[in-house]
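The values are calculated or read from the model by the stated rules, or taken from the named source; none is laboratory data. The structure presented is a predicted model; accordingly, all values stated were derived computationally and were not measured. A quick note on method: Cβ atoms are made from the backbone with ideal geometry, for glycine too, and the neighbour counts reach across all protein chains shown.
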Amino acid sequence: MISTFYSLDALGTPAALLLAGVIGFAFGYVLEQAGFSSSRRLSGVFYFTDMAVVKVMFTALVVGMLGLSYLAACGWLPLERIFLMPTIYGAQIVGGLLFGVGFVMGGWCPGTAAAGLAAGRGDALVFLVGALGGSLLFNEAFPLLRGLYTAGDRGVQVAYATLGVPRNVFVFGFTLAAVGAFWLCEWVERVRTGRSAYLRSAFLPLFCVVLVAAAAGLFALPAVPTPPAIPVAAAPPAAPGTASAENALLETVDQARDHIEPEELADRLLAGEPGLVVVDVRPAAEFATFHIRGALNVPLPQLGQTLQPYRNTGLIVLYSNGMTHPAQARDSLQRQGFDNVYLLTDGLQGFRERCLMPVSLRPEPLTPAAAARVNAWRATFDPAATPAAAAVSPTSPAAALPRLLETADLASHLGTPGLKLIDLRPQPEYNTAHVPGALSLNVESLRGNVGGVPSMLLPPALLAAQFSLLGLQPSDSIVFISGDKLHDTTLAGLACERLGHLNYAVLNGGYPKWASEGRPADAALPAVTATAYPVPPSPDRFSADYLAVRAVLGNADTVIIDVRPPDYFTGKKSDEARAGHIPGALNRPFTEDVVTGADKVVTLKPLADLAAAYSALIPSQNSEVIVHCRTGHQASQTAFVLRHLLGYTHVRWYDAGWTEWAAHPELPLVNEAGEKKAP
């Protein structure tokens, strides 16, 4: 079995760099020997006087295709061990056109230009400088081109699987097409120039016979299962549950590439590594007794749903007392599309023995540097070692809560260390009575003018400042409580997600339901000690701007849901620059997802009803979905329902919504009543 640098995640190693250099020099030498260091010869393909480019291209494709096919058929190299380029139609079509124009104008592509420069061609240097300048320009203009960068993203599309034919049939057919292309190129050169190097030679027939025979030989080998198309966000290269996926998992286990050592985890936690999520899967009582500082306590049945925002983003580390339950959980998550889940070697016991054992009790003496490292670990992760520090920074956060929390569940958690309650009602209502211990927060303080667009969710730095004033920490469990607007809590939840704060919940029914059930309340103002909430280094992955929305217009694989009231959707009413809706958008008002009862108690409809309604709009849970309203407030509720309650995996939230879209006169809209609406 061949282990590639890609499958070993070793592309950044010195060995990979050395091999890449050797291959690069060999490639350049072959290009030079073939005469590809001449732009005149390269441009001959456009005048049909020299078809070497076409012949070399087909030769490379066929030889590479046959080689990989034989390696795969013999079981020596599963395709999941090599990097397969995703298909991004919009970006690749535009990029191909730009490449073609540059090739026509200069007669160079990047690889041949490098070979030409090595041969002393001055025009090749000009082309390479231009390519470098274009790359720098693309980097600087990326925020404007982000929509194009992902336009038409279909993930990995394997040609024979897309066409629905067996691999061997496709390979044989493509080989025949290449053979035809070789003969056609020779004939074209003879017609245009009066000469042809191979048309009447013995080499061309022999070469073609060898290629066709090699392609036909694949039919004598065992068939390789046809892989499905892989969405770009899906983690495993093979479909979960298939033999190849299971074998890849077993090999990962065999080589211990699914483990992280306690010392490495402690160092990463001390460094505050962004995107590192440590999950304790033990029972809540054991978690409360002692756990690794900053860890989440997530019950095993809730792992997939709770960790969904971190799927294939950052690093997830599971631990328990031993290794059995985390290993089983890791396997389950892997089958759900997670490829960034690791196990803590030797579990919590190993962490305590290897990181928290005092220097004086260790069987072997430590160097001063090693002793200092251990003392730093103990000062951070062992509350018994530094009780004063532990008193300032609690290390017993509440267990991870379900995203939608019922009042009875909240009542059972009151008083739990690390549980923070945030009341989003207007201040007079909060001042009158609130859940004991709840802090007041005006939800509008989480929004502001960003880039000239009003009512946008604030950037991470400003949100972190708000969280700091509230005394919040990344290890806290946060429950948001609303009045008669459930979407206040979901908007606040998106603020949490923008900061990478995974452990939050919204109270179903809000304070009105809590009060109607006669549960405890007071009017005390809790004391708050400000913290320094960290700012994540990278932007969130759930937001979309108007460029991203415009890029998917007309894409049958993307569903745009407008959650405004019907009259605003059709254009009968308007409070923005223009009336109507985004072309192709479906209308499902956010109010259709909730039930308003007595005493202004607003609760979500049963999940079965919500699932049925959205399945009529969205083809599958893996479909790309963009939700919006006027300012993003109401759409946050729909995004919450789809992502966290119904399990849709590719949901983006267009925050600026109709406010921004209507203000751009160049953006299309539909404002005719009677346009197709969602049921």
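Once segment 319-341 is narrowed to residues that are touching an Asp or Glu at 6+ places or on another chain (Cβ under 8 Å) and among the aliphatic types (A, V, I, L, M), the residue that is surrounded by the most Cβ atoms within 10 Å (Cβ to Cβ) is 341. Counting residues in segment 529-540 that are outside the structural domain of residue 645 (by TED's automatic domain parsing) and over 30 Å from the mean Cα position of the chain (by Cα) gives one or more. Say whether the condition of being within 21 Å of residue 304 (Cα to Cα) and among the aliphatic types (A, V, I, L, M) is met by at least one residue in segment 628-638. The answer is no, given that none of the residues of segment 628-638 is within 21 Å of residue 304 (Cα to Cα) and among the aliphatic types (A, V, I, L, M).
Hey, does segment 210-233 have a residue that's at pLDDT 90 or above, outside the structural domain of residue 309 (by TED's automatic domain parsing), β-branched (Val, Ile, Thr) and more than 30 Å from residue 343 (Cβ to Cβ)? Among the residues of segment 210-233, at least one is at pLDDT 90 or above, outside the structural domain of residue 309 (by TED's automatic domain parsing), β-branched (Val, Ile, Thr) and more than 30 Å from residue 343 (Cβ to Cβ), which makes the answer yes. Surrounded by fewer than 21 Cβ atoms within 10 Å (Cβ to Cβ), closer than 30 Å to residue 626 by Cα and in contact with a strand residue (DSSP E or B) (Cβ under 7 Å, 6 or more places away or on another chain), is that true of residue 542? Yes. Looking at segment 70-77, is at least one residue over 23 Å from residue 146 (Cα atoms) and modelled with pLDDT under 75? Within segment 70-77, one or more residues are over 23 Å from residue 146 (Cα atoms) and modelled with pLDDT under 75.
Please verify whether residue 88 is modelled with pLDDT of 75 or more, closer than 30 Å to residue 554 by Cα and touching a helix residue (DSSP H, G or I) at 6+ places or on another chain (Cβ under 8 Å), treating the condition exactly as stated. For residue 88, the condition - modelled with pLDDT of 75 or more, closer than 30 Å to residue 554 by Cα and touching a helix residue (DSSP H, G or I) at 6+ places or on another chain (Cβ under 8 Å) - is met. You will find that of 303, 269, the residue that is under 21 Å from the mean Cα position of the chain (by Cα), modelled with pLDDT of 75 or more, crowded, with 18+ Cβ neighbours inside 10 Å and more than 30 Å from residue 85 (Cβ to Cβ) is 303 and no other. Taken over segment 548-571, the criterion of being surrounded by fewer than 16 Cβ atoms within 10 Å (Cβ to Cβ) and more than 21 Å from residue 633 (Cβ to Cβ) is satisfied by 553, 554, 556, 557. Per this entry, residue 379 is counted among residues that are among the small types (Gly, Ala, Ser), in a helix (DSSP H, G or I), modelled with pLDDT under 90 and touching a Ser or Thr at 6+ places or on another chain (Cβ under 7 Å). The single condition among (1) touching a Gly at 6+ places or on another chain (Cβ under 8 Å); (2) buried (at least 20 other Cβ atoms within 10 Å of the Cβ) that residue 643 does not satisfy is (1). Checking each residue in segment 280-298 for being β-branched (Val, Ile, Thr), without any contact (Cβ under 8 Å) to a residue 60 or more places away in the chain and under 16 Å from residue 325 (Cα atoms) picks out only 281.
Residue-level check: of (1) within 24 Å of residue 641 (Cα to Cα); (2) modelled with pLDDT of 95 or more, residue 429 misses just (1). Among the candidates 364, 264, the residue that is of a type in the set (D, E, K, R), outside the structural domain of residue 499 (by TED's automatic domain parsing) and either closer than 18 Å to residue 381 by Cα or buried (at least 18 other Cβ atoms within 10 Å of the Cβ) (or both) is uniquely 264.
The residue of segment 494-523 that is surrounded by the fewest Cβ atoms within 10 Å (Cβ to Cβ), among those that are charged (D, E, K, R) and either in a loop (DSSP other than H, G, I, E, B) or touching a Cys at 6+ places or on another chain (Cβ under 8 Å) (or both), is 517.
Here residue 97 passes the criteria (1) modelled with pLDDT of 80 or more; (2) within 28 Å of residue 151 (Cα to Cα); (3) surrounded by 14 or more Cβ atoms within 10 Å (Cβ to Cβ) except the one numbered (3).
Residues checked against (1) basic (Lys, Arg); (2) outside the structural domain of residue 90 (by TED's automatic domain parsing); (3) closer than 26 Å to residue 452 by Cβ:
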position	(1), (2), (3)
555	no, yes, no
572	yes, yes, no
579	no, yes, yes
621	no, yes, no
627	no, yes, yes
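Restricting segment 473-489 to residues that are in contact with a strand residue (DSSP E or B) (Cβ under 6 Å, 6 or more places away or on another chain) and crowded, with 21+ Cβ neighbours inside 10 Å, the residue that is farthest from residue 436 (Cα to Cα) is 486. When residue 205 is tested against the conditions (1) at pLDDT 90 or above; (2) outside the structural domain of residue 376 (by TED's automatic domain parsing); (3) under 30 Å from residue 351 (Cβ atoms); (4) not hydroxyl-bearing (Ser, Thr, Tyr), the lone failure is (3). The lone criterion from (1) under 20 Å from residue 625 (Cβ atoms); (2) in contact (Cβ under 8 Å) with a residue 60 or more places away in the chain; (3) not aliphatic (A, V, I, L, M) left unmet by residue 576 is number (1). The set of residues in segment 640-670 that are more than 20 Å from the chain's Cα centre (by Cα) and of a type in the set (D, E, K, R) comprises 660, 666. On inspection, residue 353 does not qualify as part of a loop (DSSP other than H, G, I, E, B) and farther than 24 Å from residue 503 by Cβ. Being of a type in the set (A, V, I, L, M), under 20 Å from residue 264 (Cα atoms) and not in a strand (DSSP E or B) is true of residue 292.
Taking residue 106 as the residue in question, decide whether it is small (Gly, Ala, Ser) and either without any contact (Cβ under 8 Å) to a residue 12 or more places away in the chain or in the same structural domain as residue 551 (by TED's automatic domain parsing) (or both). Criteria not met by residue 106.
The criterion of at least 1 residues that are over 29 Å from the mean Cα position of the chain (by Cα), surrounded by fewer than 20 Cβ atoms within 10 Å (Cβ to Cβ) and modelled with pLDDT under 95 is met, among strands (runs of 3 or more DSSP E) falling completely within segment 575-639, by 594-596.
Given the structure, is residue 48 surrounded by 19 or more Cβ atoms within 10 Å (Cβ to Cβ) and aromatic (Phe, Trp, Tyr)? No: the conditions fail for residue 48.
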